[in-house]
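See below for the structure under consideration.
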Amino acid sequence: MITCNNIFKEVQNITSKLIEVGLCDDQNYPSQQKASNNQIIIGYSNMLDLSIALKNISYQYIYEELNKHRNFNFKLLDGALIQILYTFQNNQLISHRLAFFPSPFLESFHNEPEIYEDDEIYADIIAKDILPTPIRFDYDPKNFSEIYHPKCHLTLGQFKNCRIPVSSPLTPNVFMKFILQNFYNTAFIKYQQTLNFETNLFPSTITKTEEQLIHISIKL
């Protein structure tokens, strides 16, 4: 069984590894906070209200507010923000929120392009045709509604009703491997020995009906 302490240690390890390979530009170390009803929230120091990320306002404004208040676990080298939040109750996972907010602009690149063009690890992020798209994996069984609100789901681009079924909740390692492998592939391959995160999975939560839809399936 994956416990609260397992998750906390994974986030600690990811933080250290990203700093070690130089992919992390800024960070808040993970924290554990006791809440009512025997709940433990794994978040990060300086964590503030996250509801702004769900409001109907421009994505650029959302990003700037999160960035200005350092409301993230990590800020990656291109300015992308990562949030990793879990809530456990009696050592059972009851929710998670794993978010990737890419920078809507690469200001440093535009100001000093020669710095980036000479380093291969930036190859995936400086292409001019990239459209930054926020990604969020939520585990929210309390609001489960088969097909319309799967227990674990993927939301792309802040679309209100985009909830692509996911076969099970994700660990921090699985989430970060997904982000690095798909959006920072050059760096991920270059530092694969350091970024070789162990894969563990929570039990499946997807329904048979949801499995008949396009969904994301994760297996060992």
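For this structure, a couple of remarks:
- Each residue in region 51-75 was checked for being open to solvent by less than 40 Å² (accessible area, probe 1.4 Å), among the β-branched types (Val, Ile, Thr) and either in a loop (DSSP other than H, G, I, E, B) or in contact (Cβ under 8 Å) with a residue 24 or more places away in the chain (or both), and 1 pass.
- Residue, modelled with the lowest pLDDT, within region 153-166, restricted to residues that are more than 20 Å from GLN212 (Cβ to Cβ) and surrounded by 16 or more Cβ atoms within 10 Å (Cβ to Cβ): GLN158
- Within region 76-93, the residues that satisfy the criterion of being in a strand (DSSP E or B) and either surrounded by fewer than 21 Cβ atoms within 10 Å (Cβ to Cβ) or over 11 Å from the mean Cα position of the chain (by Cα) (or both) are LEU76, LEU85, TYR86, THR87, PHE88, GLN89, GLN92, LEU93.
- Of all residues in region 31-50, those that are part of a strand (DSSP E or B) and open to solvent by less than 70 Å² (accessible area, probe 1.4 Å) total 8.
- Consider region 175-220 and keep the residues that are among the aromatic types (Phe, Trp, Tyr) and part of a loop (DSSP other than H, G, I, E, B). The one that is most open to solvent (accessible area, probe 1.4 Å) is TYR191.
- A count restricted to region 142-166 and to residues that are assigned to a loop (DSSP other than H, G, I, E, B) and out of contact with any helix residue (DSSP H, G or I) (no Cβ under 8 Å at 6 or more places or on another chain) stands at 8.
- Pairs where the first residue, in region 37-50, is farther than 18 Å from LEU66 by Cβ and the second is part of a loop (DSSP other than H, G, I, E, B) and open to solvent by 50 Å² or more (accessible area, probe 1.4 Å), C-beta under 6 Å, 6+ apart: ASN38/ASN90
- Given (1) free of Cβ contacts under 8 Å to residues at least 60 places away in the same chain; (2) open to solvent by 40 Å² or more (accessible area, probe 1.4 Å), number of the condition GLU20 does not satisfy: (1)
- Test for ALA99: is it among the aliphatic types (A, V, I, L, M), open to solvent by less than 20 Å² (accessible area, probe 1.4 Å) and modelled with pLDDT of 90 or more: yes
- Among the residues of this structure, ILE2 does not count as one that is open to solvent by 40 Å² or more (accessible area, probe 1.4 Å), touching a Phe, Trp or Tyr at 6+ places or on another chain (Cβ under 7 Å), farther than 25 Å from THR133 by Cβ and in contact (Cβ under 8 Å) with a residue 12 or more places away in the chain.
- Of all residues in region 132-152 being aromatic (Phe, Trp, Tyr) and in contact (Cβ under 8 Å) with a residue 24 or more places away in the chain, the one that is most open to solvent (accessible area, probe 1.4 Å): TYR139
The values are calculated or read from the model by the stated rules, or taken from the named source; none is laboratory data. Because the structure is a prediction, the values reported are computed rather than measured. Don't worry about glycine lacking a Cβ; one is built from the backbone with ideal geometry, like all the others, and counts go over all protein chains shown. All accessible areas refer to the heavy atoms of the entire protein, side chains included, with ligands and DNA or RNA removed. Shrake-Rupley method; radii C 1.70, N 1.55, O 1.52, S 1.80 Å.
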